[in-house]
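Since the structure comes first, as structure tokens, the remarks are kept for the end.
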Amino acid sequence: MKLALLCSVAVRAISSPVLAADLVQPVAAMPFSWTGFYVGGQIGGGWNDSHWSGNFFLPFNTNGSGGNFGGQIGYNYQIGQYVLGIEGDLAGSTVKGDDQCGANATFTTCETKQDYLGSVRGRLGYAFDRFLVYGDGGIAFTKYKFTAFQPFVQTFGGGSRVGWTAGLGVEYAFTDHWTAGAEWNYYDFGTRSGFASVVPIATVDNRDTENVVVGKINYKF
């Protein structure tokens with residue numbers, strides 16, 4: 001009887017550490033999910049190509065550059081490794097370019113200046129756990145000012161413009177809530193005609209495209 005009792009105590013003593021070790025085995029980490037709303041900020045730069053033509057000047061370009069700074073809000077939904085999303089962004093812009101107003105306007109400088117840049121874009125990405133690569137495309141908005149600096153200053157029908165945009169981006173989630181990435185987008189706002197403010201019979205056609213690269217940081221809810 002005593003022998004049986006001693007054997008029982010010994011078996012329990014040996015098995016207890018084994019059971020305890022089984023209980024404290026680490027649980028496998030859950031894979032990261034990109035699903036959810038997010039909001040964030042962005043900063044970067046833009047390169048504008050503005051082509052001038054019409055009955056007032058011989059064709060020429062005012063190619064410029066400047067900074068972009070603003071914010072974005074969006075939503076992602078992950079299906080397997082694919083990530084579908086939609087994002088809206090709005091940024092102030094200091095993009096500006098100037099040049100001689102064509103070969104027939106030696107002493108006249110023309111300037112293209114952008115006030116803001118925004119878009120609403122769909123996104124399609126592929127996730128490698130916390131690393132996401134994606135393409136995007138959608139509708140874009142901006143406001144340009146077109147000005148000629150002569151003995152007098154005149155403008156040429158700038159204002160709000162609507163166009164399209166498409167691009168590529170990468171993003172990394174360095175915590176469950178904070179992500180950071182970089183994005184390139186191409187913008188095309190087509191051609192807009194405007195009358196000169198001082199010489200109304202003069203018309204100018206402006207075709208505007210732009211490349212923008214930004215760094216972004218987001219908080220995911």
Give all pairs with beta carbons closer than 7 Å in which a residue from the range 122-136 that is in contact (Cβ under 8 Å) with a residue 60 or more places away in the chain and surrounded by fewer than 21 Cβ atoms within 10 Å (Cβ to Cβ) meets a residue that is among the hydrophobic types (A, V, I, L, M, F, W, C) and not in a strand (DSSP E or B); count only pairs at least 6 apart in sequence or on separate chains.
Asp129/Phe32; Arg130/Phe32
What number of residues within the range 195-213 satisfy the criterion of being under 23 Å from the mean Cα position of the chain (by Cα) and buried (at least 18 other Cβ atoms within 10 Å of the Cβ)?
3
Any idea how many residues of the range 174-194 are outside any loop (DSSP other than H, G, I, E, B) and under 21 Å from the mean Cα position of the chain (by Cα)?
13
Only one residue in Tyr144, Tyr82 is surrounded by 19 or more Cβ atoms within 10 Å (Cβ to Cβ) and over 15 Å from Leu168 (Cβ atoms). Which one?
Tyr144
Would you say Tyr77 is in contact with a Ser or Thr (Cβ under 8 Å, 6 or more places away or on another chain), open to solvent by 30 Å² or more (accessible area, probe 1.4 Å), modelled with pLDDT of 95 or more and under 24 Å from Asp188 (Cβ atoms)?
no
Which of the residues that make up the range 93-112 are in a strand (DSSP E or B), out of contact with any Asp or Glu (no Cβ under 6 Å at 6 or more places or on another chain) and open to solvent by 70 Å² or more (accessible area, probe 1.4 Å)?
Lys96, Asp99, Gln100
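The values are calculated or read from the model by the stated rules, or taken from the named source; none is laboratory data. As the structure is a computational prediction, the values presented were derived from the model and not from experiment. In this analysis, Cβ positions are derived from the backbone assuming ideal geometry, glycine residues included, and neighbour counts consider all displayed protein chains. Heavy atoms of the whole protein, side chains included, go into the accessibility calculation; ligands, DNA and RNA do not. Shrake-Rupley method; radii C 1.70, N 1.55, O 1.52, S 1.80 Å.
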